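Asks: Once you've had a glance at the structure underneath, I'll fire off some questions.
The values are calculated or read from the model by the stated rules, or taken from the named source; none is laboratory data. Since this is a predicted model, take the numbers as computed values, not measurements. All Cβ positions, glycine included, derive from the backbone under ideal geometry; neighbour counts span all protein chains shown.
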Amino acid sequence: MNDPYEVLGLARGVGLMEAERAYQRLRELYAEDSLATYALLGSDERRERLNAIEQAFREIVATGNQRPIAFPERPENMSDEPEEDGPLPDPVQHPGLYLGRLRRRTGLQLRDLAERTKISPSKLENIEQERLAQLPPPVYLRGFVLEYARCLGVPDPRQLAENYLRLLAPAHGEQ
Amino acid sequence: MESAVLKRRPSRVWAVGGGKGGVGKSAISSNLGVALARRGYRTVLVDADLGGANLHTMVGVPAPSRSLTELFTRAAGNLSEVIVPTGIPNLDLISGAHALLDMANPKHLQKQKIIRQLFTLDADIVLLDLSAGTSFTTIDFFLAAHEPIVVVIPTPTSIENAYHFLKAAFYRRLKGAIVRSGAGPLVDVALEQKLARGIRSPRELIRHITELDAVAGAAIAGEMTRLRPKLIVNQIRRQEELTLGEQMADACRDFFGVEMNFLGGIHNDDRVVYSIQLKRPALEAYPHSPFAMAIEGLALRLLAQHKEGDNE
Ligand SMILES: Nc1ncnc2c1ncn2[C@@H]1O[C@H](COP(=O)(O)OP(=O)(O)OP(=O)(O)O)[C@@H](O)[C@H]1O
Ligand SMILES: [Mg+2]
């Protein structure tokens, strides 16, 4: 396998930042003491794989993908959504909608919150919109909601996280 | 009111396996069954652990008098004759109870017949609890399922067995795909000489086959990408172990070229053990336990994919 992008599992010609992320991830994945690849390959194969990963990344850096890394353009001060003045949704019935409304009231954008919580904007949005089927496993979800609620200064973040997890219980679920 | 909509569709088969014994396959499949049944899906739990059947106990049913044994000894002719109710609405059971010792590897034809019947059971979801190990029977059930699910725990032995299991499944599917593709002898040679040719992973092997025979290669690669196992990491004790699932999915993509979808983690929770002592599903005995919550989350995610699967 000689195409360096293919070695790193990337589409040809992605930006350098993405290539570096893939490189770091694979290096960690195949590290000698990695539990996640334990016994998947022998120690020679492991070394060869690590070498191939190293080579591939060097090649990508050397051939220099000249295309500048493109960030989506957006004017400063433009907010994601219109302002909302209505009453806050019920934090027990709709903890996600409650958080979303609260965030918009404080003038924060998803991006800002993502930066502070280190949770991706799309995950935050799924939480806000209560897209139950797209949420991370409860063990993560609890932490995410806690973090989000803390960042916004919600009075009782723990209670809110509990409310959220209850959305997953069948009595409140689909039907 | 989803079950009404589902009624006329053929059942979907989910199989829970993973190679290693004692990782929680039965605890997870039985409680998933309860979660699905409560949501209105008519679910049949099948104890496909022909060596050490115990799923009946996990759902609180004494060893049923009808089980897969009766199929193999021909006392019953059809899978639907050995279904027993569990007392939980929408949840039925096919027990593997008191299976004979030599039944862990039934005759090929018998097995094929059972697999066929599993897919035509009158149910929304058929949930198979597979046995540990990588016997042909277990791999066949796993590969035949619409949703093949692997359970691991964060220990080297479990991960070793899981990869052993995945490799066995991968190569069994690959051999079938090669035969069906009508590929020439070149491909057989590639398979045999893979080490000599410096092919180190299944992903590289498929690529190599495509170089040798583009048409057959495309057919084989297409069949292999349809193998999409799902992963559950059970008995998590430390925060760091939460990354294991995504990492194993990465490894699967990189090494096998197979998309394995990490469904979620389940923390170690003593209430699983207590509920088995009570001979009741944890979802009933401890509905607010972390384990029960985790199962509910898994059920939701699997159902979301189940609905997508209907449009295939
Ligand atoms: N999340 C969990 N927390 C604590 N204990 C658990 C958990 N999951 C499973 N267990 C315990 O681990 C033991 C093995 O579980 P189980 O019988 O479901 O495994 P299995 O994979 O079906 O085993 P086998 O291969 O023998 O059929 C049981 O005692 C069960 O209570
Ligand atoms: Mg079991």
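Asks: Restricting to the stretch A:30-59, give me the number of residues that are over 28 Å from the mean Cα position of the chain (by Cα), surrounded by 15 or more Cβ atoms within 10 Å (Cβ to Cβ) and not in a helix (DSSP H, G or I).
Replies: Adding up the residues that qualify gives 1.
Asks: Further question: Scan the helices (runs of 4 or more DSSP H) fully inside the stretch B:144-240 and keep the ones with 3 or more residues being within 14 Å of another protein chain (Cβ to nearest Cβ) and closer than 30 Å to B:Q305 by Cα.
Replies: B:156-181, B:202-212
Asks: Can you tell me which residue within the stretch B:12-29, out of those that are more than 13 Å from chain A (Cβ to nearest Cβ) and in contact with a His (Cβ under 8 Å, 6 or more places away or on another chain), is nearest to B:R301 (Cα to Cα)?
Replies: B:W14
Asks: Within the stretch B:268-282, identify whether any single residue is facing another protein chain (nearest Cβ under 9 Å) and either touching a Gly at 6+ places or on another chain (Cβ under 9 Å) or part of a helix (DSSP H, G or I) (or both), and answer yes or no.
Replies: no
Asks: Further question on the same structure: Does B:N54 meet the test of being modelled with pLDDT under 90, away from chain A (no Cβ under 14 Å) and within 13 Å of ligand 2 (Cβ to nearest atom)?
Replies: yes
Asks: If you check B:R226, B:R271, which single one turns out to be at pLDDT 95 or above and surrounded by fewer than 21 Cβ atoms within 10 Å (Cβ to Cβ)?
Replies: B:R271
Asks: Identify, from the list B:L32, B:L45, the residue that is under 21 Å from B:F119 (Cβ atoms), within 14 Å of ligand 1 (Cβ to nearest atom), under 17 Å from the mean Cα position of the chain (by Cα) and within 14 Å of chain A (Cβ to nearest Cβ).
Replies: Values: B:L45 fails: within 14 Å of chain A (Cβ to nearest Cβ).
B:L32 is the lone residue from the list that is under 21 Å from B:F119 (Cβ atoms), within 14 Å of ligand 1 (Cβ to nearest atom), under 17 Å from the mean Cα position of the chain (by Cα) and within 14 Å of chain A (Cβ to nearest Cβ).
Asks: Which residue out of B:L79, B:L71, B:L6 is more than 16 Å from ligand 2 (Cβ to nearest atom), modelled with pLDDT under 95 and surrounded by 23 or more Cβ atoms within 10 Å (Cβ to Cβ)? Full working, then the answer.
Replies: Numbers: B:L79 fails: surrounded by 23 or more Cβ atoms within 10 Å (Cβ to Cβ); B:L6 fails: surrounded by 23 or more Cβ atoms within 10 Å (Cβ to Cβ).
Matching residue, one of B:L79, B:L71, B:L6: B:L71.
Asks: Among the numbered criteria (1) more than 16 Å from ligand 2 (Cβ to nearest atom); (2) touching a residue at least 12 places away in the same chain (Cβ under 8 Å), which single criterion is violated by B:A251?
Replies: Tallying (1) more than 16 Å from ligand 2 (Cβ to nearest atom); (2) touching a residue at least 12 places away in the same chain (Cβ under 8 Å), B:A251 fails exactly one: (2).
Asks: If the requirement is being within 28 Å of B:N261 (Cβ to Cβ), touching a residue at least 40 places away in the same chain (Cβ under 8 Å) and either touching a helix residue (DSSP H, G or I) at 6+ places or on another chain (Cβ under 7 Å) or more than 16 Å from ligand 1 (Cβ to nearest atom) (or both), which of these qualifies: B:L71, B:L93?
Replies: B:L93
Asks: Looking only at the stretch B:221-248, count every residue that is free of Cβ contacts under 8 Å to residues at least 40 places away in the same chain and among the polar types (S, T, N, Q) and tell me the total.
Replies: 4
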